[in-house]
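> Input: one structure, supplied below.
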Amino acid sequence: MNRIATLLRRVWLLVRRDAASRELEEEMRLHRELRAESLRDAGVDAREANAAAARRFGNATTTTERARDEWGFASMNDLLQDLRYATRRLVQRPGFTLSVVGILALGIGATTAMFSAVDAAMLKPLPFERASELVAPVGINIPFDPGPGQKWRGDGPALATFDIKNLQAMPETFASVAAYAAGGLNLADEEQPLRVSAGVVTADFFKTLGVSPLKGRTFRPEDGVPGAPSVVVISWGLWQRQFGGADVVGKSIPLSARKYEIVGVMPRGFSFPKESDLWIPMSIPTTFETFASFRGWLPATVIARVAPGVSTAAADARLFAKWEQYIASLPREPGKRHSMEATFDDVRTRGAAPALQATLIGDRKRGLLVLLGATGLLLLIASVNVTSLLLSHGASRRRELAVRAVLGATRGRVVRQLLSESVLLSATGAIIGIALAPLLLRILTALMPPALAGLAPPHIDVRVLAFATVLGVLTGLAFGLWPAFGATRDVSATAIKAGGGHGATAAGTRRAQHFLVAAEIALTTMLLVGAGLMLRSFDQLARTDSGFDARQTATLEFSFSRGSATPAERGTRLEAIVDRLNDVAGISAAGVTTDLPLRADGGIAISVKSDNPAVTVKDPFVRMLAASEDYFTAMGIALKRGRFFTRADNAPGANVAIINEAMAHAFWPGLNPVDRTFTWGGDSLPIRIVGVVASVRESGLEHEAPTQMFFPIRANNPMNVAIVARGTLSPSALLAQLTTAVGAVDPSQAVHNVRMMRDVIGASVASRRANTTLIVLFGALGLVVSVLGVYAVTSYAVAQRARELGIRAALGATRRDLLRHIGGNMTWVTIVGVAAGAGLAWSLSKVMSGLLYGVTTHDAATFIAAPFALVLAVVVATLVPARRATRVNPVEVMRAE
Amino acid sequence: MNTPTSRTEIPPGTLDMLILKTLARDGELHGFEIAQAIERTSVGVFLVEEGSLYPALQRMLVKGWLSGEWGRTSDNRRARYYRATAAGKRQLEQEIREYERAANAISRVLRAAPAGA
């Protein structure tokens, strides 16, 4: 109680400090006057009495200060004074201040922006209720029902697969199980057909994620089964954009030429999976209906919420046990692996029920962490550099500090003074850095494609600000403490006499600086090696034989709306489009396919049996595509054997296919597969191979091409197609020709992804390009910062040793000798730094292994080139100030002393 | 008045007690009066250093042992008059008790007969 009252009085005094000081002074003045009067009364001469009173009072200022000290908060008051003094000093040295603040602002800003990106992508929980309970079981099938009278061309008799029903049969483990797939649909609109993102989801999808509709309802198990009315749930965004937030529940919208009744609207902010505009139901089992509006099939993900009281680890263990039972129950054929065993391998490596968040982050995790590490390195380089700058700064102030020490400042007081300067610098740097962070974040997100960014857009929030503040304070203390203690270590009268500060203490400072520069160079080497490895990977990727030739090739994609054309009509229209294009002067070839290279976002793989009994293929699933006659020419896919398709191959019963080299190698190793046959599914008719084409990379440039087989486009008249045209026309003319040709055949047809093939490649490498750009950017910044550091330290050394150099010159040292003298130290510092950095990079580069392509983590070229570039930069940064030293005029230097 | 050379510094730690005692006895005094009162009642033995008086007064104000009110001296000059608060009086009693214990102890040590005698 008393203590609180005391504290309040102290605070009150702090608030009215100036008034209280005046009162104190008035009181003491009265005391002096009364003392003088009493002495006068005792008969002392007036002047002497005044003097005696003043003397007795001692140093009035000291007394006032000591009295004021009793008010408490002395240190805070000193701090304010220190800060005022520090501000004055820093303003007097704009060059020094600007460079330190700039370097720090950059370091802290970049780290903060990167942290918010990583935070959004990885640390923030998914925007669902109790998101940590959500898991994404691996390898779970969704059963398929071909419907009465339909024949599913599957692999032999239907097997009891391990599917979503097995999960639903574990209610003690999983409270709720659902599945979703993401695809695109055409939304017909009065003005123009619109492409929307659709989630195909099971009835329990919304319940599993824990979201309720804003209006209306979500799906029921009977939705989506054949014959049920078509229903759709729309997102808040689509509701606002397309319907202006009007009452839409119960209305019908045309989606891919079918009427869907809107039954619900989801709340704002919910657009999972991906950026879904709307959701349509997925029945279990799925039917031909389910994915009919897509490519007949979409990859689906199974999710589940663990039951209350069950940990995700326990759920994982229980599910894994079920898997083991299932695998053990499979019928075995000697020498043959069941296809589910491959799935089980996946379960073994990834876990039976990994967290949904981890699954969604997936491959991005490593890239983001490496980027965060690179930013951290950059911040470290910036801090070391600032420390080194402060050290030279502190050393050049030795005299000033010595004077202050002689005038009675304690060492603690001087350390505090120096610390307040570095805290002021780091605080300013941090504030500017935080102010810069949103801008840097915008640049960062612009560089980062959605593939790398998180579910929620990154933004600077309280957590990020807290991170940046802690970062700023820590760097301030870290780079401030050492120079502060270093500068005050030997503050004595000798320093005043010592003039410029040659001698033991200056040498000590130089040693410390050399250490810092070596550290800086080591860190930069690591950053450069990282950047080099990424660059080399990118270069390797660019050299990769993708299997096609992207130059002068334009594409667009479209989907026939359901019911808008019979299969035969679809085929006729496609033929008409291609014929139109092939007639255009300047277009050398035009064709149609179902799947563009590097765009593996759908399609199916089918188990194939070849006519070659000598080979058992480990993975008999071959990707199935369709292509028109000139597609291969248009896409620049080389023919290796046999021939391309002809129109005659479209005839019913032709049963021909073109396979890629990967399939040829897998099924007919060392043989010519042309005119060999294979069968697939339950089809008894053998399919004859007419040609072999180059393998085309499908799911990204860095992944080997899978086995592929192409069928004539008219053999299945697909719903979803891509038109391809190659020609000497300009890209814009080529693209215009494509849209015109489609429009001429059917004006109501919506098209999307109208772009050059090189943009398709660009999109497929976008996240790698972003990673590489950022790391190279950080590497370049690190290089600039450390070169500045080397330059500053050398300049400082030259300035400090001007006298010594002058004497050497006077004693007959040549410019060469002087250069060697100044540069010699830096050579060793550089060698040590580069060697240490390369060594660290060598042992740490393993963390990047998942990010690299075509190079090893110990790529020799990188480990030679990166240090070499750094050494070169350091040599330049040393030579410039060192050459200045050699022009020292000995006479002038001596005179100046 | 004695000459300054014969004066004694106030023993450390006792100034607060002396100030409190003076104020408890005399009621309201300003700084100079406190110093004079201590010098007078100690018969000129104690010299109150102004350099310690004002820090001590401020300290006791902050601790709530004293209250200070601005008033006028007899010749109409502004002065801050100090008064011991209830907390200050309690503190005085405690300090006197402790001082007496210590003083008794010291005098017992000083008067102790030589061992074995």
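> Which of the numbered conditions does B:ASN104 fail, given that it passes all the others? Conditions: (1) in contact (Cβ under 8 Å) with a residue 24 or more places away in the chain; (2) out of contact with any strand residue (DSSP E or B) (no Cβ under 9 Å at 6 or more places or on another chain); (3) not small (Gly, Ala, Ser).
(1)
> Another question about this same structure. Quick one: in region A:9-28, which of the residues that are facing another protein chain (nearest Cβ under 10 Å) and free of Cβ contacts under 8 Å to residues at least 12 places away in the same chain is surrounded by the most Cβ atoms within 10 Å (Cβ to Cβ)?
Top of the filtered list is A:GLU27.
> Taking region A:683-716 as the region of interest, how many residues are of a type in the set (S, T, N, Q) and either in a strand (DSSP E or B) or crowded, with 21+ Cβ neighbours inside 10 Å (or both)? Walk me through how you get there before you give the answer.
Narrowing region A:683-716 to residues of a type in the set (S, T, N, Q): A:684, A:695, A:699, A:707-708, A:716.
Then drop every residue that is not either in a strand (DSSP E or B) or crowded, with 21+ Cβ neighbours inside 10 Å (or both), which leaves A:695, A:707-708.
Number satisfying all stated conditions: 3.
> Now a separate question. Can you tell me which residue in region A:1-15 is modelled with the lowest pLDDT, limited to those that are in contact with a helix residue (DSSP H, G or I) (Cβ under 9 Å, 6 or more places away or on another chain) and of a type in the set (D, E, K, R)?
For region A:1-15, the residue satisfying everything is A:ARG10.
> Here's another thing I want to ask about it. Cβ-Cβ under 7 Å, sequence separation 6+ or interchain: first residue in region A:350-367 and under 18 Å from A:PRO273 (Cβ atoms) and aliphatic (A, V, I, L, M), partner at pLDDT below 85 and not in a loop (DSSP other than H, G, I, E, B). Which pairs?
Here the result reads A:ILE361/A:ALA121; A:ILE361/A:MET122, each pair linking region A:350-367 to a residue that is at pLDDT below 85 and not in a loop (DSSP other than H, G, I, E, B).
> Here's a follow-up. At pLDDT 80 or above, surrounded by 11 or more Cβ atoms within 10 Å (Cβ to Cβ) and away from chain B (no Cβ under 11 Å): does that describe A:ARG40?
For A:ARG40, the condition - at pLDDT 80 or above, surrounded by 11 or more Cβ atoms within 10 Å (Cβ to Cβ) and away from chain B (no Cβ under 11 Å) - is met.
> I've got another one for you. How about region A:517-540: which of its residues are in contact with an Asp or Glu (Cβ under 8 Å, 6 or more places away or on another chain) and over 28 Å from A:THR878 (Cα atoms)?
Selection gives A:ARG536 alone.
> Of the conditions (1) touching a residue at least 24 places away in the same chain (Cβ under 8 Å); (2) within 11 Å of chain A (Cβ to nearest Cβ), B:VAL62 fails just one. Which one is it?
So B:VAL62 meets the others, but not (1).
> Residues to consider are A:GLU33, A:GLU48; find the one that is within 9 Å of chain B (Cβ to nearest Cβ) and at pLDDT 75 or above.
Criteria check complete, one pass: A:GLU33.
> Tell me the strands (runs of 3 or more DSSP E) entirely within region A:552-630 that contain at least 3 residues that are small (Gly, Ala, Ser).
Output list reads A:587-593, A:604-610.
One line per residue, one yes/no per condition, for (1) at pLDDT below 80; (2) surrounded by 14 or more Cβ atoms within 10 Å (Cβ to Cβ); (3) over 23 Å from A:ALA313 (Cα atoms):
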| residue | (1), (2), (3) |
| --- | --- |
| A:GLY139 | no, yes, no |
| A:GLN150 | yes, no, yes |
| A:GLN168 | no, yes, no |
| A:GLU172 | no, no, no |
| A:VAL177 | no, yes, no |
| A:GLU190 | yes, no, yes |
| A:VAL196 | no, yes, yes |
| A:THR208 | no, yes, no |
| A:PRO213 | no, yes, yes |
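> Can you find, within region A:789-806, the residue that is farthest from the chain's Cα centre (by Cα) among those that are among the hydrophobic types (A, V, I, L, M, F, W, C) and modelled with pLDDT under 80?
A:LEU805
> Still on this structure, please answer the following. Out of all the residues in region B:8-36, which are within 11 Å of chain A (Cβ to nearest Cβ) and either more than 25 Å from A:GLU23 (Cβ to Cβ) or not charged (D, E, K, R) (or both)?
Matches in region B:8-36: B:HIS30, B:GLY31, B:PHE32, B:ILE34, B:ALA35, B:GLN36.
> Does A:ALA763 fit the bill of being part of a loop (DSSP other than H, G, I, E, B) and within 31 Å of the chain's Cα centre (by Cα)? Step through it out loud before you land on a result.
Details: part of a loop (DSSP other than H, G, I, E, B): no; within 31 Å of the chain's Cα centre (by Cα): yes.
It is false that A:ALA763 is part of a loop (DSSP other than H, G, I, E, B) and within 31 Å of the chain's Cα centre (by Cα).
> Shifting gears a bit: Could you check region B:73-100 and list, in sequence order, the residues that are part of a strand (DSSP E or B) and within 14 Å of another protein chain (Cβ to nearest Cβ)?
The answer is B:ARG78, B:ALA79, B:ARG80, B:TYR81, B:TYR82.
> Quick check on my filter: what residues within region A:799-828 are β-branched (Val, Ile, Thr), surrounded by fewer than 21 Cβ atoms within 10 Å (Cβ to Cβ) and in contact (Cβ under 8 Å) with a residue 60 or more places away in the chain?
Correct list: A:ILE807 only.
> While we're on this one: Which numbered condition in (1) within 39 Å of the chain's Cα centre (by Cα); (2) closer than 22 Å to A:PHE711 by Cβ; (3) surrounded by fewer than 17 Cβ atoms within 10 Å (Cβ to Cβ) is the only one that A:ASP611 fails?
Evaluating A:ASP611 over (1) within 39 Å of the chain's Cα centre (by Cα); (2) closer than 22 Å to A:PHE711 by Cβ; (3) surrounded by fewer than 17 Cβ atoms within 10 Å (Cβ to Cβ) leaves (1) as the failure.
> Hey, can you tell me all the residues within region B:37-52 that are more than 8 Å from every other protein chain (Cβ to nearest Cβ) and either of a type in the set (Gly, Ala, Ser) or surrounded by 15 or more Cβ atoms within 10 Å (Cβ to Cβ) (or both)?
Within region B:37-52, B:ALA37, B:ILE38, B:GLU39, B:THR41, B:SER42, B:GLY44, B:PHE46, B:LEU47, B:VAL48, B:SER52 meet the criteria.
> Given A:ASP163, A:ASP204, which one is modelled with pLDDT of 80 or more, closer than 30 Å to A:VAL608 by Cα, acidic (Asp, Glu) and over 31 Å from the mean Cα position of the chain (by Cα)?
Of A:ASP163, A:ASP204, the one residue that is modelled with pLDDT of 80 or more, closer than 30 Å to A:VAL608 by Cα, acidic (Asp, Glu) and over 31 Å from the mean Cα position of the chain (by Cα) is A:ASP163.
> Here is a follow-up. Select from region A:754-773 the residues that are surrounded by 21 or more Cβ atoms within 10 Å (Cβ to Cβ) and either of a type in the set (Gly, Ala, Ser) or free of Cβ contacts under 8 Å to residues at least 24 places away in the same chain (or both) and list them in ascending order.
If the condition is that a residue be surrounded by 21 or more Cβ atoms within 10 Å (Cβ to Cβ) and either of a type in the set (Gly, Ala, Ser) or free of Cβ contacts under 8 Å to residues at least 24 places away in the same chain (or both), then A:SER764, A:ALA770 are the ones that fit.
> Could I ask something else about it? Of A:VAL742, A:VAL751, A:VAL724, A:VAL776, which residue is buried (at least 17 other Cβ atoms within 10 Å of the Cβ) and at pLDDT below 85?
The conditions single out A:VAL751.
The values are calculated or read from the model by the stated rules, or taken from the named source; none is laboratory data. Everything numeric in this text was worked out from a predicted model, so none of it was measured. As a convention, Cβ positions derive from the backbone with ideal geometry for all residues, glycine included, and neighbour counts pool all protein chains shown.
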